[in-house]
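The block underneath contains the structure these notes are about, expressed in structure tokens.
The values are calculated or read from the model by the stated rules, or taken from the named source; none is laboratory data. What you are looking at is a predicted structure, and each value in this text was computed from that prediction instead of being measured. Positions of Cβ are generated from backbone atoms using ideal geometry, with glycine treated the same way; all protein chains shown enter the neighbour counts.
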Amino acid sequence: MKIAKSVNKLGTEAVYNIFAKTKKLKKEGKSIIDLSLGQSDFKSPKHVVDATIKALKDGHHGYTLPNGIIECREAVSRKIKILYNAKINPERIVIMPGGKPTMYYAISFFGEVGAEIIYPDPGFPIYESMINFTGAKAIPYNMTENKDFSINPDKILSLINEKTRLLILNNPHNPTGSFTKKNIIDELVHGLKKFPNLVILSDEVYDRLIFEKEEIPSLLNYPDLYERLIVLNGWSKTYAMTGWRLGWGVWPEKLIENVFKFCVNTHSCVNTPAQYGAIAALDGPEEHLNDMMEKFDKRRKLIVEGLRSLKGIECSLPGGSFFAFPNVKNTGMNGEEFTNICLEKAGVAVIPGTAFGKFATDNVRFNFATSTENISKAIQKIDNIL
Ligand SMILES: Cc1ncc(COP(=O)(O)O)c(C=O)c1O
């Protein structure tokens, strides 16, 4: 069997290895507090589940158009108007099986040998994996330079040259939990005017998980960029729907035909009943989200306070998402060593910063979308082994 060389260039998400290890330890009877996965402990909202079941019972289970049912695309357009006061034609919106495929398509459209793609490091591992898969050169920007992990527009702009095809942004940011404020995004967007051929992929999957009532700095707030802007978003994080595999992309008009073709060639369409649930999520009440954010805020403060109380650990306060990304250097261990003893000795599953790139060698990602009891217990267990 001879596999195409490009397949060997694909990376993966180390979180799945830790997930498997954790499962094995649990099966052996060990008690593990799992702070590794990128999802919350909340259930999907009831009105979303009900709308999906109703759609199925009503017989909405056939193929849909590859870009999604128009009602769902209109609901996304309505929500974008409410959230960002931006007017987006539903024909530019594509419903996807999760947030990831928008990433896959965008990187495939612009990545090839000889091209360069700029992306955050540490960052969601699939950016680099997909860039390598296409044969393009992966150009990372270091997210660990600022203590609060906010981006540095000048540094990013300095990486752009005539080979650069795509710039990937992610705000709020996984794995650091950082939130880059609007004034910094303004600066970056201003600088991008000098590079009119550069396309931007803005991964905004955590856009509703922002603390302190900060303004959402969506790139959709900059209509001048629309001809070269792809926005990745979805239902996974905001509505606790990770396993539903539901996302949306906003694309430049010029690319829609190609996106349509990719959909036809890969998944045909997104699960039809789920698209009806997706409408209910967008148009329905937001108590679920408000309640989730209230709890996340308490958990965020608890975990940061706990981590800061541990000897040798520094931790900035996350501005968005549900991740804390402490630096463990002064414990005498690097992120990987720390992660290993956490799992094996303390029974706490976390992810080393190196699972997200090469720069965050001394950091570890903690998911705080779990109960306050779990967080307190985890901190206590780590304290014991330190
Ligand atoms: C930054 C970022 N982008 C995209 C995704 C993918 O989202 P989905 O599960 O909807 O495919 C994730 C998931 O963890 C993420 O953290």
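Every condition in (1) within 16 Å of the ligand (Cβ to nearest atom); (2) farther than 23 Å from F359 by Cα holds for I118 except the one numbered (2).
Residue-wise test of (1) within 29 Å of E204 (Cβ to Cβ); (2) out of contact with any Lys or Arg (no Cβ under 6 Å at 6 or more places or on another chain); (3) touching a residue at least 40 places away in the same chain (Cβ under 8 Å); (4) within 16 Å of the ligand (Cβ to nearest atom).
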position: D297; (1), (2), (3), (4): yes, yes, yes, no
position: E305; (1), (2), (3), (4): yes, yes, no, no
position: S309; (1), (2), (3), (4): no, yes, yes, no
position: K329; (1), (2), (3), (4): no, yes, no, no
position: C342; (1), (2), (3), (4): no, yes, yes, no
position: A355; (1), (2), (3), (4): yes, yes, yes, yes
position: I385; (1), (2), (3), (4): no, no, yes, no
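Checking each residue of segment 179-196 against the condition of being in contact (Cβ under 8 Å) with a residue 12 or more places away in the chain, within 15 Å of the ligand (Cβ to nearest atom) and either within 22 Å of the chain's Cα centre (by Cα) or farther than 17 Å from I93 by Cβ (or both) gives at least one match. Would a scan of segment 336-345 turn up a residue that is more than 16 Å from R308 (Cβ to Cβ), assigned to a helix (DSSP H, G or I), in contact with an Asp or Glu (Cβ under 9 Å, 6 or more places away or on another chain) and of a type outside the set (K, R)? No - not one qualifying residue is present in segment 336-345.
Looking at T12, T102, T64, T52, which one is part of a loop (DSSP other than H, G, I, E, B), closer than 29 Å to V264 by Cβ, modelled with pLDDT of 95 or more and not charged (D, E, K, R)? Checking each option against the conditions leaves just T64.
When segment 235-256 is filtered for residues that are in contact with a strand residue (DSSP E or B) (Cβ under 9 Å, 6 or more places away or on another chain), surrounded by fewer than 19 Cβ atoms within 10 Å (Cβ to Cβ) and assigned to a helix (DSSP H, G or I), only I256 remains. Inside segment 16-34, residues that are loosely packed, with under 11 Cβ neighbours inside 10 Å and of a type in the set (S, T, Y) make up a count of 1.
The set of residues in segment 80-99 being more than 14 Å from the ligand (Cβ to nearest atom) and not in a loop (DSSP other than H, G, I, E, B) consists of I80, K81, I82, L83, Y84, P90, E91, R92, I93.
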